[in-house]
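J.: Okay, handing you the structure first.
The values are calculated or read from the model by the stated rules, or taken from the named source; none is laboratory data. Computed from a predicted model, the values in this text were never measured in an experiment. Note that each Cβ is placed from the backbone with ideal geometry, even for glycine, and that neighbours are counted across all protein chains shown. Each accessible area value is taken on the protein alone, full model and side chains, heavy atoms only, with ligands, DNA and RNA left out. Shrake-Rupley method; radii C 1.70, N 1.55, O 1.52, S 1.80 Å.
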Amino acid sequence: MLIKNLNLKNFRNYSEECIAFSEGLNVLHGKNAQGKTNCAEAVFYLCTGVSPRCRRDKLLIKRGAEFAELSAAAEGKYGKMEIYAKITETGREFRLNGNKITRNADIMGNLFSVFFSPQELRLIQDGPDERRRFLNVSISQLSKPYYTALSRYNKILEQRNNLLKSRDLDSVYDSLPVWDAQLCKYAAIIAFKRAEYIEMLSPLAAEAHAFLTDGGEELKISPEKKYKGSEEELEKRLFSELSENYARDIRLGYTASGPHRDDIDIFIDGTDAKTYASQGQTRTAALSVKLAEVEIFKNLSGEYPVLILDDVLSELDLPRRKKLTERTENLQTILTCTHAERVLSGRQANKIKIENGKVKN
């Protein structure tokens, strides 16, 4: 996967700009708060339809503007393509090669991308929401059925939670089995796909972690044991779990079990990384997960994704910096930093200086 250029209009702090990328390493450099991360964010947004930094699209529009436009010309194993997005206060529109994309599920899977920034430490340090979000974005790029199941699950879950707040208990008890039959159908797809993905991720992340630490630490990742089995088995088990806990859910006013409550177990040398890992261990573990994600995309899609590293190398010591750059030699990488030469260590790169939302020669 190769992105040739990126066009931005009224996106974040960019008024209008075109940025050309090359194969291999592309370094966006310049002082802080000039727009380097905004550019990296735009690439990931076009690939996934999701910002890695905010949940509301309208925040991506330049202050004072009515809309934002962004597009990229890219090339993959299936040929050339152009993807375009327009964001307004009330919605957004995506186009692929000039054709309007009508379903959100069809945004993902055209351009593959993996994003890593210091904020990704939340993947290890924060609550289960962050780890579920990582799984959802990554798996959705590879599987439209997963994205569709997730979207439908969330809508039904919202309706179920609204029902649980009703004071008409007879109606609640009569209606719950109907909602649960639909909910568990999609829950089973989500749980099965997540377990399948983590089974691929775990050995790749362990290998990447061993590479970055020179074998000094062991990383282990696993899904919660309760969601193992076929989709049919999971569907039955989830339905039974919900049925047995009607009274609890009515008392709480929300659904307290299901894939929306999932988490991942992460251990470094047998110790719970979410609780006990140091800042350095957390950074290396999160980076290892992202490098594993890169390999999964390559294995399943047949081509490497675009790897985006936002202000990462400055946080690593020199040995791990060299190992990371060595690891990314075979794929297009977009890297942001304040001082290009300080992090490149003589490696050839397409250096792009960003100053106040403009490319400076």
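J.: Hey, any idea what % of the chain's accessible area is carbon plus sulfur with a 1.4 Å probe?
T.: 46 percent
J.: So what's the projected area for the chain, the Cα convex hull averaged over all directions, in nm²?
T.: About 19.4 nm², averaged over all directions.
J.: Using protein chains only and a probe of 1.4 angstrom, how many square angstrom of residue 322 are accessible, to the nearest 10?
T.: It works out to around 110 Å².
J.: Want the number for residue 95 to residue 339: 0.36 nm per residue separation, take away the alpha-carbon distance, what's left? Don't skip to the end; give the middle numbers.
T.: Details: separation 244, 0.36 × 244 = 87.84 nm, distance 3.56 nm.
That pair, residue 95 and residue 339, stretches by 84.3 nm at full extension.
J.: Out of all Cα-Cα pairs in segment 24-155, roughly what percent, to the nearest whole number, are more than 23 Å apart? Don't skip to the end; give the middle numbers.
T.: Values: 3265 of 8646 pairs.
Tail fraction, whole percent: 38.
J.: Please list, short to long, the whole-number percent of alpha-carbon pairs of segment 241-361 in consecutive 10 angstrom bins beginning at zero.
T.: Each 10 Å bin holds this share of Cα pairs: 10, 28, 26, 18, 11, 6, 1.
J.: Out of the DSSP beta bridges found with both residues in the chain, what percent are antiparallel (nearest 5)? Intermediate results must be reported in sequence, preceding the final value.
T.: On the way: 42 of 59 bridges.
Roughly 70 percent of the beta bridges in the chain run antiparallel, per DSSP.
J.: Now a separate question. Please give the per residue accessible area of segment 167-270, computed with a probe of 1.4 Å over protein heavy atoms only, in Å². Let's see the in-between values first.
T.: Details: 5350 Å² over 104 residues.
Each residue of segment 167-270 exposes 51 Å² on average to a 1.4 Å probe.
J.: Where does segment 166-242 land on Rg/Rh, using Cα atoms and the Kirkwood Rh? Present the calculation step by step, with values, prior to reporting the outcome.
T.: Numbers: Rg = 18.7 Å, Rh = 14.9 Å.
On the Cα set of segment 166-242, Rg over Rh gives 1.26.
J.: Another question, if that's okay. Select from segment 1-51 those GluC sites (Glu not before Pro) which occupy a DSSP coil region and have at most 14 other Cβ atoms within 10 Å, ordered by residue number. Walk me through the numbers on the way to the answer.
T.: Details: sites: 16, 17, 23, 41; in loops: 23.
Listed in order of number, the matching sites are 23.
J.: Report the extension gain between residue 106 and residue 271 in nm, rounded to one decimal, defined as 0.36 nm multiplied by the number of residues separating them, less their alpha carbon distance.
T.: Extra length from residue 106 to residue 271 when fully extended: 55.4 nm.
J.: Now, a different point. When ligands, DNA and RNA are left out and all protein chains stay put, how many square angstrom of accessible area per residue does segment 1-130 have with a 1.4 Å probe?
T.: Numbers: 5910 Å² over 130 residues.
Dividing the accessible area of segment 1-130 by its residue count gives 45 Å².
J.: Another question about this same structure. With 16 Å as the cut-off, how large is the P(r) tail for segment 1-100, expressed as percent of Cα-Cα pairs? Mind showing how you got there, number by number?
T.: On the way: 2729 of 4950 pairs.
So the portion of pairs separated by more than 16 Å is 55 percent.
J.: I need to check one value: relative contact order of the chain, counting alpha carbon pairs closer than 8 Å and at least 6 residues apart, in percent. Provide the component values of the computation, followed by the final result.
T.: Details: 633 pairs, mean separation 96.9, N = 361.
Across the chain, relative contact order equals 27 percent.
J.: Further question: Once each part is reduced to its C-alpha centroid, what is the distance from segment 166-202 to segment 143-159 in angstrom?
T.: What the calculation gives is 10 Å, centre to centre.
J.: If you don't mind, there's one more thing I want to ask. How big is D, in µm² s⁻¹, for segment 83-136 by Stokes-Einstein at 37 °C and 0.692 mPa s if Rh is the Kirkwood radius over C-alpha pairs?
T.: Working: Rh = 13.6 Å.
Result for D is 242 µm²/s.
J.: While we're here: Answer with one residue from 186, 105, 136: the one whose Cα lies farthest towards the positive end of the charge dipole of segment 88-203, charges on Cβ with Lys, Arg +1 and Asp, Glu -1.
T.: Checked the options; the winner is 105.
J.: What is the distance, in nm, between label points placed 7 Å from the Cα along the Cα-to-Cβ direction at residue 222 and at residue 301?
T.: The answer from the label model is 3.0 nm.
J.: Please list, or write none, the aspartates and glutamates whose alpha carbon is within less than 17 Å of the alpha carbon of residue 360, excluding same-chain residues fewer than 8 places away.
T.: Reachable aspartates and glutamates: 16, 17, 341.
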